[in-house]
Amino acid sequence: MINEEKFFFWSPEEKGLREALKELRDDYGCEALKFETEAEGASFEEIRYYMNLALGQMAIKVKIGGPEARNDIRELLRIGVKGIIAPMVESPYGLKNFITALSETASPEQYQYLSRGFNVETITTYHQIDEIFALPEIREIDKISIGRSDLSGSMGMKPDDEPVMKIVKEVTEKAHQIGLAVSVGGGITPDNARQISEQIKPESINTRNLGFDLSRVKDPALSIQKALEFEIALLEHRANQAKAAYDGLQKRIKVLKERMERR
């Protein structure tokens with residue numbers, strides 16, 4: 001087997017992130033590295049970079065800019081991501097559009113290997129969840145993600161408020177009745193991770209950038225603690241990259257100004 005790592009040259013900081021990913025996968029039940037072209041606004045270049053950094057250690061899943069974001073779908077398929085998640089599917093029409101966009105943009109082979117999901121993240125979606133789950137297109141979905149932050153925001157509440165948790169549990173139970181897996185995210189902390197795992201009983205929980213398979217998680221609180229530590233390191237790495245780019249531009253500006261002064 002070819003050792004792909006020899007084709008990449010990692011900095012000490014990058015090696016640290018790779019080792020942390022391995023530990024998260026092997027010891028803490030991490031199943032996916034997640035990005036967004038939507039609210040987070042990750043570029044395709046960034047996603048490609050982090051896919052190389054992960055280098056087969058775990059799946060890369062991306063939430064696209066909208067149910068019909070065909071350019072996002074096209075570019076992510078070129079990069080080779082494992083899963084695509086649609087945001088703001090608030091009606092049966094939204095789910096139909098998402099599946100149509102996927103099936104018309106991906107090749108049959110790509111469509112088959114691709115993990116397909118959508119977010120339940122507003123009270124509007126909740127009010128139409130029975131109609132959405134009744135669609136034939138729901139059979140094309142592998143997993144739904146319940147985003148408690150946006151859901152609670154649409155209700156004028158906080159993620160851990162009882163009415164929000166009641167809706168999360170109800171949607172999870174309805175999804176399970178039709179054979180859908182569920183991931184719950186939004187404001188996940190070490191404290192509420194155990195509560196969600198025990199009371200809601202989803203298959204997965206997720207932070208902004210990491211998803212965890214609860215069947216492989218020994219202690220949800222500890223896994224989320226490790227996730228948050230990794231995400232801090234990831235943000236610090238991205239900040240350092242941005243600073244290096246900024247410093248490079250400033251150096252170039254200085255050189256050009258010096259040339260102007262030599263007239």
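Here, each number is a calculation from the coordinates, and none is a lab measurement. Given the structure is predicted, the values throughout are model-derived calculations rather than measurements. Positions of Cβ are generated from backbone atoms using ideal geometry, with glycine treated the same way; all protein chains shown enter the neighbour counts.
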Length gain on complete extension for the stretch residue 10 to residue 45, per 0.36 nm per residue less the alpha carbon to alpha carbon distance?
10.9 nm
For the charge dipole of the chain, defined by +1 on Lys and Arg C-beta atoms and -1 on Asp and Glu C-beta atoms about the Cα centroid, which residue among 156, 33, 47 has the Cα displaced farthest towards the positive pole?
47
Return a whole-number percent for the relative contact order of the chain, with Cα pairs under 8 Å and 6 or more residues apart as the contact set.
17
Give me the net charge for the shell around residue 172: Cβ to Cβ below 12 angstrom, other residues only, Lys and Arg +1, Asp and Glu -1.
+3
Which lysines, on any chain, are close to residue 158 with Cα under 29 Å apart, when same-chain ones fewer than 8 places away are left out?
34, 61, 63, 143, 166, 169, 174, 201, 218, 226
Relative to a virtual label point 7 Å from the Cα of residue 225 in the Cα→beta-carbon direction, which members of the range 177-195 show backbone nitrogen distances below 16 Å?
189-195
Calculate the length of the line joining the C-alpha centroid of the range 188-225 to that of the range 132-184, in whole Å.
16
Per residue Cα convex hull volume in Å³ - calculated over the chain
173
In the chain, with Lys and Arg counted as +1 and Asp and Glu as -1 at Cβ, which of these residues, 189, 175, 250, has the Cα nearest the positive end of the dipole, that is, farthest along it?
250
Compute, for the chain, the length of the dipole vector about the Cα centre, with Cβ point charges of +1 (Lys, Arg) and -1 (Asp, Glu) only. Units Debye, rounded to 20.
1080
Inverting the mean 1/r over all pairs of different Cα atoms, compute the Kirkwood radius of the range 8-60 and quote it in Å.
11.8
